Amino acid sequence: MKKLSADQIRQMWLDFFKSKGHHIEPGSSLIPINDPTLLWINAGVAALKKYFDGSEIPPSRRISNAQKSIRTNDIEHVGHTARHHTFFEMLGNFSIGDYFRKEAIAFASELLFDEKWYGISREKLYITYHPDDLETKREWMSHGVSEDHLIPMVNNFWEIGAGPCGPDTEIFFDRGEKYDPMGSGIELLKKDIENDRYVEIWNIVFSQFNSEPGKLRSEYKELPSKNIDTGAGLERFACIFQGTDTNFETDLFWPIIQKTEKLSNQKYEDNKLAFRVIADHIRTITFALADGEMFSNEGRGYVLRRLLRRAERYGRVLGINHPFLFELVDVVREIMKNYYPYLANKEELIIKMIKGEEEKFLKTLANGESLLLKNIEGVKLLAAEDMFRLYDTFGFPKELTIEICHEHGVEVDLDGFNKLMKAQKERARQARGELQSMNRQSVDLMNCTLASSFNYGFEPIQAKVIALFADGVKVDSITDEGDVMLDQTIFYAESGGQISDAGTLESSSVALKVVGVNKAPNKQHLHHVEVMFGEVKVGDVVTAKVNQERRLKIMRNHSSVHLLQKALEEVLGDHVSQHGSYVCDEYSRFDFNHFEKMTAEQLNEVEKKVNKWISQALPNDTRVLPVEEAKKLGAKALFNDKYGDVVRVVCFGDISKEFCGGTHVKNTEDIGVFAIEFEESIAAGIRRIQARTSAGAYELMKRREAILHHIMKEVNVTSMNDIPSRLASTKNELEATKKALVTLEDRFAQATANNIQNEFDNKGDLSILVKSMKASKRSDLIALVDRLKQTKDNYIIILIGQDGETISVVVACSAKAIKEGYKAGALVREVSKLLDGSGGGRDELASGAGKSLEKIPEVIVLTKEMFK
């Protein structure tokens, strides 16, 4: 068995799949982009979702990656098991409509067994497959895996709700009898018993069916484009290649544990749980902070705060009563430096953030834990009120409360705690609402008349903190969250439909994340900040840094809106005026008055004009003028806005002149490209256009291109140019098929009518037919009634049709039958009711529906009895 480091295992995986024509996809950030369904990137395929759902065209139909991932659904289990982690790396290979089962298993066999690669003995591996997936079994056997190492498992089927699904095959490494004290052998795997002998190292999913809720799997339809999705845990591979008892003794964790031994003066063997928790959690925290997350009281930030506090508590178990986790960051960076070199650039900030969070928590931990131990002394249940007080007053996390209680055999009233938390959140929500509505009337803010200037540049500047506020109240310092006022700033405050800038305020002792900027009552720019580390005080000098990339995107979008308005005026007419706008870094929205939906031709013409002006490289000439002089210049203003005596006018050549206080590009060529995403109605006579620029426009075009590629595949053409003609011919074929179907249905109805026209019962001169028809929907029954009534002068026809689970009832009465007191509407209601349904209609023709298939024979008999 080879001895491989984690770096070697990862690189060998990527090198192998690169040799098989796979594009090596760089690892994505742990923070999902534009995917609200995920808290974290939690698997290799999660980072590739944009390719599998068709929103982006993949760089290759074959992809491989090594993706860092976080899963925190059961944090309390970490440390208690050999292989459970919150942060891990998932190795994967993926096929998006390219190769399938045969090739996927061939690749896996070569990588696993060939001495050039991992060189694992076939005797050490056991492989499971779905009992119905005999093709997978045959493929493995064709690569030398003996039949007694292939185990059918009914759970080997990957399925999450409606959508793509399919059988999977799981690969297990046999670590030998040392990890099987009861001598159970392969029964551990066959009976799916939790064990340390057979370790799953790789899962290959054959995504070939479309899952439909309510249907049996045998009824699922095959996908037209089949995919391969695989995942292999790097930490598990490291464990088997390095021959360690658990993942924690591998080179991915062991240096962290060794450093913790030095810091605590304790041995790993004496308290494995504590060392494992610390080693796991510091990896997660380090990478999450490196990818841009922060400690906070909600969402991902709360997860990180929870992990840090849990690790901190286990540090106390080891006798470490001071901040120490920050001292492990350099170890994580050193372990991971080869594949994640960016950690080095983030290390200093990460250390400061962790140390600051540790210092804040340690102030509350000792008091909270001692109070908790007093509360649970001699009791079997911790009262909800006590648990809530620990959380609300002492900042003691509920998860730590639960964990400590369980260690002492005490239950917790979690339902009661949750009710108290819900009530508190409601009070806080109401308070926030009151604060937001009254913020401008905050006494401290209204009385603050300190001078603060704004300039439109975005190069970093030095600025002095002249005032701090928490919830509108003036304070001397901030350690968590609040508002900062500077003597000068480059941060644009949200106004005029443009969102505010974001960025940081930094010094050697503090770092603040600027998450929003608004204007105070006296027009100073108020920076809402979250403290990354340290404490900010009035009088501090900080470096103000705007997120330049984000600002540039906003500038491009804002300038494009000015050009868009001019283009709309030229295409639609001078009646067009602005009725609102919204500009952010991703897109722009422009609302305008117009009496009808714009045509595709008009939208194309508008888009063409804007891009023409962009290509003409029109310079930005921004002037500050007396308002009357600005109006004489021909500058446009919002009709309902109030302006001061002096206004700012933004001009792009002779094309666009507008009153505007927003940020803009220096030249239209800086916009790059402009694309309209959609046009819609938002109110009577008011339309809205949403558009994107530069890279955003490119991404929009690529998404549209992906849709066209999907259509190409569906209609079986090789060029986009062939799509219109193929769709036209397909439409003609469909219309011809519909006509042929109508003809066939007509012939079928006539033939059926001929077959049953002699089944009428007679009551005097009244002909009565009551009949059930299988494989007949409502339209079939009506067509049949139309033909049957042509054969009789005086009739009542009652047909009950069954189409799958659907029951239809159709009743027809002749004019003479109606005069005799029979009405189709009344009859259909009666019959449908007997079938647990309902119906209605005219006297001569009515229809209904039933629910109980099993009652149809009985209802036929009862209905016939009605006429005797």
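Values computed for the structure shown
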quantity	calculated
For the stretch 790-803, Karplus couplings with θ = phi - 60° (6.51, -1.76, 1.60), whole Hz, Gly/Pro x	6, 8, 9, 8, 10, 8, 10, 10, 10, 10, 10, x, 10, 10
Average projected area [Cα convex hull, the stretch 1-140], square nanometres	10.5 nm²
Amide H contacts under 5 Å for D803, placed H, 5+ residues apart	S776, S808
Accessible-area ranking of W254, W13, largest first, probe 1.4 Å	W254, W13
Inter-label distance, nm, simple model (7 Å from Cα along the C-beta direction), T737/S779	1.4 nm
Kirkwood estimate for the stretch 807-863, i.e. one over the average of 1/r between Cα atoms, Å	11.1 Å
Integer Hz, Karplus 6.51/-1.76/1.60 couplings in order for the stretch 626-637, x for Gly and Pro	x, 4, 5, 5, 5, 5, 5, 5, x, 5, 8, 10
Length gained when the stretch R703-K191 is fully extended (0.36 nm per residue, less Cα-Cα span)	179.7 nm
Inter-centroid distance (Cα atoms) of the stretch 110-187 relative to the stretch 258-326, Å	36 Å
Residues of the stretch 272-315 with amide N under 19 Å of the 7 Å Cα→Cβ point at D471	296-298
Placed amide H near D251: partners under 5 Å, 5+ positions off or other chain	A6
Which of V515, F157, S588, positive extreme of dipole for the chain (C-beta unit charges)	S588
For K763, residues with placed amide H under 5 Å, excluding near neighbours	I768
For S729, solvent-accessible area (1.4 Å; no DNA, RNA or ligand), Å²	40 Å²
Estimated distance in nm for a label pair at E407 and A162, the labels positioned 7 Å out from Cα along Cα-to-Cβ	4.8 nm
T37/S577 FRET efficiency (R0 60 Å; Cβ-Cβ; nearest 0.05)	0.90
For the stretch 159-200, Kirkwood radius (reciprocal of mean inverse C-alpha pair distance, Å)	12.0 Å
Cβ-Cβ FRET estimate between F394 and K851, R0 fixed at 60 Å, reported to 0.05	0.55
Solvent accessible area, Å² - E385, 1.4 Å probe, full protein context	110 Å²
Hull-based mean projected area of the stretch 326-428, where the convex hull spans the alpha carbons, in square nanometres	8.9 nm²
Between the stretch 1-39 and the stretch 579-612, the Cα center-to-center distance that results, in Å	42 Å
Label-point separation in nm, E385 to A82, each point 7 Å along Cα→Cβ	4.8 nm
Low-density loop positions, trypsin sites (Lys or Arg not before Pro), the stretch 529-612 - DSSP coil, at most 12 other Cβ in 10 Å	K597
Convex hull per residue volume in Å³, alpha carbons only, for the stretch 532-603	151 Å³
Area projected by the alpha carbon convex hull of the stretch 9-48, averaged over all directions, nm²	3.3 nm²
Beta bridges by DSSP in the chain, antiparallel share as percent, to the nearest 5	85 percent
q = 0.19 Å⁻¹, the stretch 172-270: log10 I(q)/I(0) [Debye, one scatterer per Cα]	-0.99
E830 accessible area, assembled protein chains, probe 1.4 Å, Å²	90 Å²
Those chymotrypsin sites (Phe, Trp or Tyr not before Pro) in the stretch 530-613 that DSSP places in a loop and that have at most 11 other beta carbons within 10 Å	F595
Shape category assigned to the chain from the gyration tensor of Cα positions, a/c cut at 1.5	oblate
Of K774/K864; K272/K352; K738/K777; K553/K702, pairs whose Cα-Cα distance is over 22 Å	K272/K352
Whole-Hz couplings from phi, Karplus 6.51/-1.76/1.60, listed for the stretch 138-147; x for Gly and Pro	5, 5, 4, 5, 5, 9, x, 7, 6, 4
Potential extension, E494-L216 segment - 0.36 nm per residue separation minus Cα distance	94.7 nm
Additional length obtainable on full extension of the chain from L633 to L414, 0.36 nm per residue less Cα span	72.1 nm
Compactness index (Cα Rg / 2.2 N^0.38 Å), the stretch 708-832	1.54
Candidate residues M421, M866: accessible-area rank, largest first, probe 1.4 Å	M866, M421
E347/Q690 FRET efficiency (R0 35 Å; Cβ-Cβ; nearest 0.05)	0.30
Within the chain, helix-based [θ] at 222 nm, where runs of 4 or more DSSP H residues each add -39,500 (n - 2.57), nearest 500	-12500 deg cm²/dmol
For the chain, with +1 on Lys and Arg beta carbons and -1 on Asp and Glu, the positive-most of S656, F760, N611 along the dipole	F760
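The values are calculated or read from the model by the stated rules, or taken from the named source; none is laboratory data. Note that the coordinates shown come from a computational prediction; the quantities given were computed from them, not determined experimentally. FYI the Cβ positions are ideal-geometry reconstructions off the backbone, even for glycines, and counts take in every protein chain you see. For the accessible areas, the whole protein counts, side chains as well, though only heavy atoms, and no ligand, DNA or RNA atoms are used. Shrake-Rupley method; radii C 1.70, N 1.55, O 1.52, S 1.80 Å.
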